[in-house]
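Trainee: Attaching a single structure in structure tokens format; questions to follow.
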Ligand SMILES: [Fe+2]
Ligand SMILES: [Fe+2]
């Protein structure tokens, strides 16, 4: 495949599967990490618009899903919608806390990205899943009961807790290291990445949700920049002060039960995926391997 993912259009991105975008753009590129300036330049080149997406076929695809199967399939969309809104809400303290202008400029682009991702899901829920409400919160209120406890604890409690600590003490480097571990490495680089790859691969295989596939692949490309930022930041932090490795290790250990709960799918989903010919352990295997790869690059020893 000769497609240049770095410069691909929305339409071209929509032809990819999850492995091309996730493994190709992130896990294989951890060796030579780009500079913060290069990551910024990528952002300038990789703009896309939620307004260019057409969800009319997606709406048909959703209409064809039997009523009793809808809770299973919608739960994947729901956790990403809440996830994008949560990361928008909790990134701002990081902008004030990072020590260099290059890091701050990059994180400013990430904030815009996360706003666009939240807008993408709002549009998808309205135009494809036909949910109604005057604003984003009115839709989230209806769908939040579908979020699993582990996902809720990370997205709606953990990110808020460390964001508040960083807000109160923006020069506390230990908090910043903990925050980037939870935000960029656990939430984006492990949980979101594994879930995205799984959904993108399935949609590609089944030919489902072509509008969603375009936007969600563009989101995965954006996330690759965010994750590379996090890996780079933490690797430098450990090089500057080896005691930061313990903070990263402790943060991973603290959240490991929730990571497991999120990546080990509920029984109902496991049954459905098995019937679809998928291995329900694929997500957790991929996610844990991906986390190990990142910790190796950062320079943190672990025992999981
Ligand atoms: Fe995002
Ligand atoms: Fe992100």
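The values are calculated or read from the model by the stated rules, or taken from the named source; none is laboratory data. Not measured: the values here are computed from a predicted model. Cβ coordinates were reconstructed from backbone atoms using ideal geometry, including for glycine residues, and neighbour counts include every protein chain displayed.
Trainee: Select from the stretch 216-236 the residues that are over 13 Å from the mean Cα position of the chain (by Cα), buried (at least 24 other Cβ atoms within 10 Å of the Cβ) and more than 11 Å from ligand 2 (Cβ to nearest atom) and list them in ascending order.
Mentor: Within the stretch 216-236, the first condition is being over 13 Å from the mean Cα position of the chain (by Cα), and the residues that meet it are 229, 231-236.
Filter again for buried (at least 24 other Cβ atoms within 10 Å of the Cβ), leaving 229, 233-234.
Across the stretch 216-236, the qualifying residues are 233, 234.
Trainee: Something else now. Residue pairs, Cβ under 6 Å, 6 or more apart or interchain, first in the stretch 100-121 and more than 14 Å from ligand 1 (Cβ to nearest atom), second outside any helix (DSSP H, G or I). List them.
Mentor: The qualifying pairs are 104/98.
Trainee: If you take the residues of the stretch 196-239 that are out of contact with any helix residue (DSSP H, G or I) (no Cβ under 7 Å at 6 or more places or on another chain) and over 16 Å from residue 20 (Cβ atoms), which of them is farthest from ligand 1 (Cβ to nearest atom)?
Mentor: So, considering only residues that are out of contact with any helix residue (DSSP H, G or I) (no Cβ under 7 Å at 6 or more places or on another chain) and over 16 Å from residue 20 (Cβ atoms), the one farthest from ligand 1 (Cβ to nearest atom) is 239.
Trainee: Another question, if that's okay. Surrounded by fewer than 13 Cβ atoms within 10 Å (Cβ to Cβ), at pLDDT 95 or above and not in a helix (DSSP H, G or I), is that true of residue 47?
Mentor: The answer is yes for residue 47.
Trainee: Do we find a residue being outside any helix (DSSP H, G or I), away from ligand 2 (no atom under 13 Å from the Cβ) and closer than 26 Å to residue 160 by Cβ anywhere in the stretch 50-57? Reasoning before the result, please.
Mentor: Our first condition is that a residue be outside any helix (DSSP H, G or I); within the stretch 50-57, this holds for 53-55.
So of that shortlist, the ones also away from ligand 2 (no atom under 13 Å from the Cβ) come out as 53-55.
Still in the list and also closer than 26 Å to residue 160 by Cβ: none.
No - not one qualifying residue is present in the stretch 50-57.
Trainee: Any idea which of 89, 69, 32 is assigned to a helix (DSSP H, G or I) and away from ligand 1 (no atom under 16 Å from the Cβ)? Even if it seems obvious, please write down each step before you answer.
Mentor: On the way: 89 fails: away from ligand 1 (no atom under 16 Å from the Cβ); 32 fails: assigned to a helix (DSSP H, G or I).
Selected residue: 69, the only one of 89, 69, 32 that is assigned to a helix (DSSP H, G or I) and away from ligand 1 (no atom under 16 Å from the Cβ).
Trainee: A further question follows. Can you find a residue in the stretch 97-106 that is in a helix (DSSP H, G or I) and either within 14 Å of ligand 2 (Cβ to nearest atom) or closer than 20 Å to residue 250 by Cα (or both)?
Mentor: Taking the stretch 97-106 as the starting set, the residues that turn out to be in a helix (DSSP H, G or I) are 97, 101-106.
From what's left, either within 14 Å of ligand 2 (Cβ to nearest atom) or closer than 20 Å to residue 250 by Cα (or both): 106.
Yes, because at least one residue in the stretch 97-106 is in a helix (DSSP H, G or I) and either within 14 Å of ligand 2 (Cβ to nearest atom) or closer than 20 Å to residue 250 by Cα (or both).
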